[in-house]
Amino acid sequence: SIMRSTLIPDLLKNTALNLSYKFENFKLFELNRIYLKEREDTFAEPTYLTGVIVGEFYPFYWKEEQRATSFYDVKGVVESILSKIHCTKNITYKVSNQPYYEKNSKADIFLDEKKIGSCGIIKDDVLKSFEIKAPVLLFDIDLSRIIPLYNEKDIRFKEIVKYPPVLRDIAVIAPSDIEVGTIEKLIKSVGPNIIKDVQLFDVYTGKQIKQGCRSLAFNITFQSETSTLTDKYVDKLFDNIVNKLLREHQIELRQE
């Protein structure tokens, strides 16, 4: 058998094949070993999970419109995979230097500050070399670094929270060099027991945004396990988020 050092080329070949058969919207993955040379006669054999998303996004909720996929869709797939194996607490994302991704649509994935993979949008010139004319999103995860940490004994069941969540959106103007993951982590730190989720849903750069910055919009989920949250309490947390973003990273609330 061929001792492959990455699963990516074969996945792109299969992507091209499926497109040639007139499939337009699909997902493919491969779970397999790769071979990385360590010394002259020694190879490491990590197991990688590598996948692609091609075409438009089909929402789970039927009332939502079909749309083109984006970087945040493949990031969402990665987060879903990691959540299935209870591996989300110490995951961070940093700008990737992998040459086959588009410049502003790529990230390396870290677990406890150790790189475990990457995700992003494949560059056009790479796609052309495989005769692919559709956008392709890719994730590439080293499961060998994750599986040893997975322990079924760590699984705990909790009663479903009976108190309703409160959803708030926040739009900010942030320096372009500040990573989204840094902002999400900072928001959660304001109320780690109350802020259950932070999701980026919009990125904008345009004439209204000053140079060197971008507009980022997040959806924040507040929820208490012991009581119903009041608007006054959530407003106070929201103000604390705004103040902390400004104080620590000069991130301003976007004024409409």
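The values are calculated or read from the model by the stated rules, or taken from the named source; none is laboratory data. For clarity, every value in this text was computed on a predicted model and none was experimentally measured. All Cβ positions, glycine included, derive from the backbone under ideal geometry; neighbour counts span all protein chains shown.
Lys158 meets each of the listed conditions (1) closer than 29 Å to Ser224 by Cα; (2) of a type in the set (D, E, K, R); (3) in the same structural domain as Cys213 (by TED's automatic domain parsing) apart from (3). For Val180, all conditions in the list (1) under 19 Å from Phe71 (Cα atoms); (2) of a type in the set (Val, Ile, Thr); (3) at pLDDT 90 or above hold save one; what is the number of the exception? Condition not satisfied by Val180: (3). Of all residues in segment 109-139, count the ones that are buried (at least 19 other Cβ atoms within 10 Å of the Cβ) and modelled with pLDDT of 90 or more. Matching residues across segment 109-139 total 14. Which residues, taken from segment 113-126, are over 16 Å from Phe71 (Cα atoms) and either β-branched (Val, Ile, Thr) or in contact with a Lys or Arg (Cβ under 9 Å, 6 or more places away or on another chain) (or both)? The answer is Lys114, Lys115, Ile116, Val126. Scanning segment 6-16 for residues that are out of contact with any Asp or Glu (no Cβ under 7 Å at 6 or more places or on another chain), surrounded by 15 or more Cβ atoms within 10 Å (Cβ to Cβ) and of a type in the set (Val, Ile, Thr) yields one hit, Thr15.
Pairs linking a residue in segment 203-214 that is among the hydrophobic types (A, V, I, L, M, F, W, C) to a residue that is surrounded by 10 or more Cβ atoms within 10 Å (Cβ to Cβ), with Cβ atoms under 7 Å and 6 or more positions apart or on different chains, are Val203/Arg214; Val203/Leu216; Ile209/Ile173; Ile209/Ser215; Cys213/Ile173; Cys213/Ala174; Cys213/Pro175; Cys213/Ser176. Within segment 82-100, which residues are part of a strand (DSSP E or B) and touching a residue at least 24 places away in the same chain (Cβ under 8 Å)? Hits for segment 82-100 are Thr92, Tyr93, Lys94.
Residue check: Gly76 meets all listed conditions (1) more than 22 Å from Tyr204 (Cβ to Cβ); (2) at pLDDT below 95 but one, namely (1). Just so you know, in segment 22-59 the residues that are touching a strand residue (DSSP E or B) at 6+ places or on another chain (Cβ under 9 Å) and polar (S, T, N, Q) include one that is surrounded by the fewest Cβ atoms within 10 Å (Cβ to Cβ), and it is Asn32. Restricted to segment 210-234, and to residues that are among the aliphatic types (A, V, I, L, M) and assigned to a strand (DSSP E or B), which residue is surrounded by the fewest Cβ atoms within 10 Å (Cβ to Cβ)? The residue in question is Ala217. When Leu19 is tested against the conditions (1) outside any helix (DSSP H, G or I); (2) surrounded by 15 or more Cβ atoms within 10 Å (Cβ to Cβ); (3) at pLDDT 90 or above, the lone failure is (1).
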